[in-house]
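Each remark here refers to the structure printed beneath this line.
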Amino acid sequence: MTLAPLFFAWIAAAAAPACELPGGSAQRIESTRHVVLYRASPEPRVGEHFALEFAVCPAPQAVRVDATMPEHRHGMNYRPTITAQGGGRYRAEGLMFHMAGRWELVFEVRTGGATERLAQSLRLE
């Protein structure tokens, strides 16, 4: 048994900077290249606007936020406005889930000419 691959994986993980979103607990979505931490304010409710504070690590060249209802094949009726806060942190305002059901919250992250899609499923009653 060799420990070299495990050792090098541990070194790489230890060297990677921690992804943080100051101000309390946050939801986490991970891929092999990015981590997204986010929290909604206020808690999303059907028919009410809400905002997202989120961090993307490592910081991307561009980011987009959207949500869709896969079973209904449509998205939100509103396009959020995203403001960069610096250091890979952002605020998206003007989101609204206009009906109950399963939504997929999507972060599209562009880095180095490639776009990666990180998503998380949410259910609103």
Please work out if ARG64 is in a strand (DSSP E or B), closer than 18 Å to ARG117 by Cβ and within 12 Å of the chain's Cα centre (by Cα).
yes
Qualifying positions in segment 85-100 - open to solvent by less than 70 Å² (accessible area, probe 1.4 Å) and under 18 Å from VAL36 (Cβ atoms)
GLY86, GLY88, TYR90, ALA92, LEU95
Quick one: count up the residues across segment 102-123 that are surrounded by 13 or more Cβ atoms within 10 Å (Cβ to Cβ), in contact with a strand residue (DSSP E or B) (Cβ under 6 Å, 6 or more places away or on another chain) and either touching a residue at least 40 places away in the same chain (Cβ under 8 Å) or under 15 Å from HIS72 (Cβ atoms) (or both).
14
Restricting segment 27-66 to residues that are under 17 Å from GLU104 (Cα atoms) and among the small types (Gly, Ala, Ser), the one least open to solvent (accessible area, probe 1.4 Å) turns out to be ALA51
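The values are calculated or read from the model by the stated rules, or taken from the named source; none is laboratory data. Here the structure is a predicted model, which means the values were calculated and not measured. Using ideal geometry, Cβ is built from the backbone for each residue, glycine included, and neighbour counts are taken over all protein chains shown. Remember, those area values only see protein heavy atoms, side chains included, never the ligands or the DNA or RNA. Shrake-Rupley method; radii C 1.70, N 1.55, O 1.52, S 1.80 Å.
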